[in-house]
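So the structure is just underneath, and the comments pick up after that.
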Amino acid sequence: MILKYDVIVVGAGHAGCEAACAAANMGARTLLVTMDMNKIAQMSCNPAIGGIAKGQIVREIDALGGQMGLVTDATSIQFRMLNVGKGPAVWSPRAQCDRGKFIWKWREVLDHTPNLDIWQDQACELLTEQQDGKNVTATGIRTIWGAEIKARCVIVTAGTFLNGLLHIGRKMIAGGRIAEPTVTDFTESITRHGIRSARMKTGTPVRIDKRTVDFSLLEEQPGETHTYQFSYAPTATQKSLPQLPCWTVNTNERVHEILRSGLKDSPLYNGQIQSIGPRYCPSIETKLVTFPDREQHPLFLEPEGVDTNEMYLNGFSSSLPMDVQLEALKQMPAFRNVKIYRPGYAIEYDFFDPTQLKHTLESKKIDGLFLAGQVNGTTGYEEAAGQGLVAGVNAALKCDGTETFIMHRDESYIGVLIDDLVTKGVDEPYRMFTSRAEYRILLRQDDADRRLTERSYQLGLAKKDRYEWWMQKKKTIEEIEQFCKSFPIKPKVINPALEQLGTTPLQYGVKLEDLIARPQLNFQNLATAIPQLKNLLEQSENRKEEIAEAAEIRIKYKGYIEREKVVAEKMHRLENIRIKGHFNYNELQSLSTEARQKLIAIDPETLAQASRIPGVSPSDINVLLVLMGR
C-alpha cells in the first residue's frame, strides 16, 4: 500500500503533535504516524508543562498559534508563576496537568485539525533518492507493516524511541518507554547518508499510590489563586478541573545509606550506561555521588490527575534495583507504608548531531528531512514542542516553495534554543534556562504575543480570531501607557497615599509613569488612590489582569527594555551579513586553526552565527568582516 502526502510527521510526542498541527494549519496535507493513538503527547516523565524558561517557550508556541498552551489550560490541576520574587524577565509560568486528560485533549485537537490524518504504525526506514549527483532527498518512509508513505517532507520527532534501551538495576530491556517497543533500523536508514548519531540517557522516578502516603507528615504546596493561564487566546479554556496541591518532603541519612548500598548495581556506575544524562535533572544516586556531604535532598510529591491515585515523586529519578528504590522510600516517615505502581528507570536512546541542521531544522545532508525534539539532543516537552512547531511551519513552506521561518535570539526563546543547537551542538541533554538568553528582558513571558502573533498571522499559522484579539489587547495596552505618560500627579493629592505605602512623598508634580517606575508602587496600590487609573484598568472586560500586568511591566522597565533593544539592533547588523558559501575557510590562514575547523564543521549562515561558535574569537570575526568588505 502506498500513501501520498505533503508532510509526514514520525512520532506523536509533543514535538510531533505541534509539527503536525502547524503543517496542517499552514495548508499542507499532513500525516502523523504514531505507534499508539492512545498515547498521543504522552507526558513520559513529570505531568507538568512550563517552568523556568520553559514557560516562556509555551507562551511563544501559543502566540504563534500552536496548541500546547490551550491543551495545558484545559487540563491544568495546579498553576504557579515561578520567580515572582525576581524581575519580570525571569517570571515563568508552570502548570501541573492531568496526564490522562492531557492526552485526550490533544487527541481531540488532532482529530479536529483540517488536512491532518493519523496512521498507527511504526516507521522502520527513511526513503530517499538521489538524482544527477545532487543532494539526497527524503521521499517518505516505510513502516514495519509494509506501508510505503510518500511525501515531499519528512519530520522525525521520535523522542527516546530510536534504539531505546531501558535500565532498572542490572536488568536491561529494549524499549522506547516503559512497556512500549523500541524502534530499530530507522536510525541506520538516516546515518547511512552521513548524518552523525550518538547516545543520550534520561530517566524518570517511581510512581506512588497516594492511598499509602501519610500526608500529615508532608508539607503542602498549594497553587496560585491568581487567574493566570498559558494561552493568550480569548477562547482559552478557564480552569475547569479541581485545583490540587503538591507536597514536599526531604530525604534523610538512612535513605542515603540504602541508596548507596545499591550503587554497585546502578547502571550509571557499573558500566552499563555509557551515554551522558541530563545535568540539570540528575538521578537521586547521582545527587548522592556528586554531593556526598548533603544530609538531605528535597522531593516533591505531585498528583498525576484528579481521578487517579497515582502520584509522581519529583527529584527521585532512579535506575537502581527496584527493591533498593522501595526500601529507600520506606525510610521516610511519610512513606513508611508506601506502595508503588512501578519503579523509576533509565533509558538510553539515539540522537543526531544538531549542528548538521539549518535554522529551519532541515537537514543539511538530506533535503526535505526535518528533525525536532529529543532526536536533536534536547530534553523537555516544551523544548521539543517549540522545535516541532518550527519544523512543521518550515516543512509546509518548503512544500509551497516559499520563504523560510527563522526566529532570532532577540525574538524568542525558541530562537535561542535552535540557534544554540545548530551553532554549538550538544554534549549532554540540552535544557533551556533564562540565563541562556542574552536578551531575556525582551523575551518576557508577558509579551510573547507582542513579539510573535502578527508575524505568525502573516505566515498563515495564527488565525484571524487570535490576531484580532492581539490587536485589541495591543490597543488597550497602548491606551494605558499613554494615560500614564500624560496623567499629572500633584503632591498634595498623592502624598498621603505615598506615605501610607512607605515611599518618599513628592516635592513637585510628576506624571503617573514616574510613580509607576518606583519599586514599591504598582497599578494595584496606585489605583486605590487614583480613581481615573482604576476606571481605566477595569474597562477591559476580557483578561484585564493580563493586560494590566503587560502594560505595567512595559512602563516600569521602559529604560531597560529600550537599552536592550539597542544592543539587539547592533547584533542584527551581523545577522544581515551572510557568509555561507563565500569562503573556503581552509585557505584563510589569517584565521586561527580552531576557528577554521569550527567554521568548516558548522558552516554558519551569517556572521552573527559565526560569532557564537565556541572557538571563533572576536579577532576571527574581524578578519571575516574585512574580507567581506573586499
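The values are calculated or read from the model by the stated rules, or taken from the named source; none is laboratory data. Worth saying up front: this structure is predicted, and the values here are computed from it rather than measured. Positions of Cβ are backbone-derived with ideal geometry, glycine not excepted, and every protein chain shown enters the neighbour counts. Ligands, DNA and RNA are stripped out before the accessible areas are found, and what is left, the full protein with its side chains, is counted by its heavy atoms. Shrake-Rupley method; radii C 1.70, N 1.55, O 1.52, S 1.80 Å.
Within segment 476-487, the set of residues being part of a helix (DSSP H, G or I) and open to solvent by 10 Å² or more (accessible area, probe 1.4 Å) comprises Thr476, Glu478, Glu479, Glu481, Gln482, Phe483, Lys485, Ser486. The set of residues from segment 602-612 being closer than 14 Å to Arg409 by Cα, touching a Ser or Thr at 6+ places or on another chain (Cβ under 6 Å) and either open to solvent by less than 10 Å² (accessible area, probe 1.4 Å) or part of a helix (DSSP H, G or I) (or both) comprises just one member, Gln609.
Of the strands (runs of 3 or more DSSP E) lying entirely inside segment 85-149, those carrying at least 1 residues that are farther than 25 Å from Ala448 by Cβ, open to solvent by 20 Å² or more (accessible area, probe 1.4 Å) and modelled with pLDDT of 95 or more are 116-120, 123-129, 136-143. Please go through segment 30-58 and pick out each residue that is part of a helix (DSSP H, G or I) and open to solvent by less than 10 Å² (accessible area, probe 1.4 Å). Passing the criteria: Gly55, Gln56, Ile57, Val58. For segment 555-613, residues that are farther than 30 Å from Asp447 by Cβ and without any contact (Cβ under 8 Å) to a residue 40 or more places away in the chain total 19.
A count restricted to segment 466-502 and to residues that are among the hydrophobic types (A, V, I, L, M, F, W, C) and over 20 Å from Leu521 (Cα atoms) stands at 3. Within segment 518-535, being in contact (Cβ under 8 Å) with a residue 40 or more places away in the chain and open to solvent by 30 Å² or more (accessible area, probe 1.4 Å) holds for one residue alone: Gln532. Any residue at all in segment 244-261 that's open to solvent by less than 70 Å² (accessible area, probe 1.4 Å) and within 21 Å of Ile178 (Cα to Cα)? Among the residues of segment 244-261, not one is open to solvent by less than 70 Å² (accessible area, probe 1.4 Å) and within 21 Å of Ile178 (Cα to Cα), which makes the answer no.
Per-residue answers, yes or no, for (1) closer than 24 Å to Gln42 by Cα; (2) at pLDDT below 95; (3) of a type in the set (D, E, K, R):
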residue: Lys239; (1), (2), (3): yes, yes, yes
residue: Ser261; (1), (2), (3): no, no, no
residue: Ser266; (1), (2), (3): no, no, no
residue: Asp293; (1), (2), (3): no, yes, yes
residue: Gln296; (1), (2), (3): no, no, no
residue: Glu302; (1), (2), (3): yes, no, yes
residue: Phe316; (1), (2), (3): yes, no, no
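Of the residues Gly175, Gly203, Gly169, the single one that is of a type outside the set (S, T, N, Q), under 24 Å from the mean Cα position of the chain (by Cα) and open to solvent by less than 40 Å² (accessible area, probe 1.4 Å) is Gly203. When restricted to residues that are among the aliphatic types (A, V, I, L, M), more than 21 Å from Gln221 (Cβ to Cβ) and open to solvent by less than 10 Å² (accessible area, probe 1.4 Å), segment 67-84 contains 2. The single condition among (1) modelled with pLDDT of 95 or more; (2) of a type in the set (Val, Ile, Thr); (3) open to solvent by 40 Å² or more (accessible area, probe 1.4 Å) that Thr225 does not meet is (1).
Residue by residue through segment 252-293, note down the ones that are over 32 Å from the mean Cα position of the chain (by Cα) and in a loop (DSSP other than H, G, I, E, B). Asn252, Gly262, Asn270, Asp293 - these are the residues of segment 252-293 that are over 32 Å from the mean Cα position of the chain (by Cα) and in a loop (DSSP other than H, G, I, E, B). Among the residues of segment 6-29, those identified as in a strand (DSSP E or B) and either hydrophobic (A, V, I, L, M, F, W, C) or buried (at least 24 other Cβ atoms within 10 Å of the Cβ) (or both) are Val7, Ile8, Val9, Val10. Pairing each residue of segment 303-317 that is within 14 Å of Leu218 (Cβ to Cβ) and β-branched (Val, Ile, Thr) with any residue that is in a strand (DSSP E or B) and open to solvent by 10 Å² or more (accessible area, probe 1.4 Å), provided the two are 6+ apart or on different chains, yields no C-beta distance under 6 Å. Criterion applied to Ile561, Ile621, Ile577 was being surrounded by 12 or more Cβ atoms within 10 Å (Cβ to Cβ) and at pLDDT 90 or above, and the one residue passing it is Ile561.
Return yes or no: is Ile414 surrounded by fewer than 23 Cβ atoms within 10 Å (Cβ to Cβ) and either under 20 Å from Ile57 (Cα atoms) or more than 21 Å from the chain's Cα centre (by Cα) (or both)? For Ile414, the condition - surrounded by fewer than 23 Cβ atoms within 10 Å (Cβ to Cβ) and either under 20 Å from Ile57 (Cα atoms) or more than 21 Å from the chain's Cα centre (by Cα) (or both) - is not met.
Filtering segment 425-475 to residues that are in a helix (DSSP H, G or I), of a type outside the set (A, V, I, L, M, F, W, C) and buried (at least 18 other Cβ atoms within 10 Å of the Cβ) leaves Thr434, Gln445, Asp446, Asp447, Asp449, Arg450, Arg451, Thr453, Ser456, Tyr457, Arg466, Lys473. Pairs are defined by a Cβ separation below 6 Å, a sequence spacing of at least 6 or placement on different chains, a first member in segment 149-167 that is in contact (Cβ under 8 Å) with a residue 24 or more places away in the chain, and a second member that is aromatic (Phe, Trp, Tyr) and assigned to a strand (DSSP E or B); the pairs so defined are Ala151/Tyr5; Ile155/Phe370; Thr160/Tyr349; Leu162/Tyr349; Gly164/Tyr349; Leu166/Tyr345. If you go through segment 176-226 and pick out every residue that is among the basic types (Lys, Arg) and either touching a Ser or Thr at 6+ places or on another chain (Cβ under 8 Å) or in a helix (DSSP H, G or I) (or both), you end up with 5. Taking the criterion of being surrounded by fewer than 19 Cβ atoms within 10 Å (Cβ to Cβ) and among the polar types (S, T, N, Q), the residues of segment 318-352 that qualify are Gln331, Asn337. Among the residues of segment 371-383, count how many are touching a Ser or Thr at 6+ places or on another chain (Cβ under 8 Å) and open to solvent by 10 Å² or more (accessible area, probe 1.4 Å). Qualifying residue count for the region: 2. Among residues that are surrounded by 16 or more Cβ atoms within 10 Å (Cβ to Cβ) and touching a His at 6+ places or on another chain (Cβ under 9 Å), Thr286 is not included. Picking from residues in segment 393-411 that are within 30 Å of Lys150 (Cβ to Cβ) and open to solvent by 30 Å² or more (accessible area, probe 1.4 Å), the one that is modelled with the lowest pLDDT is Thr402.
Scanning segment 268-283 for residues that are crowded, with 21+ Cβ neighbours inside 10 Å and within 14 Å of Cys45 (Cβ to Cβ) yields Gly277, Ser283.
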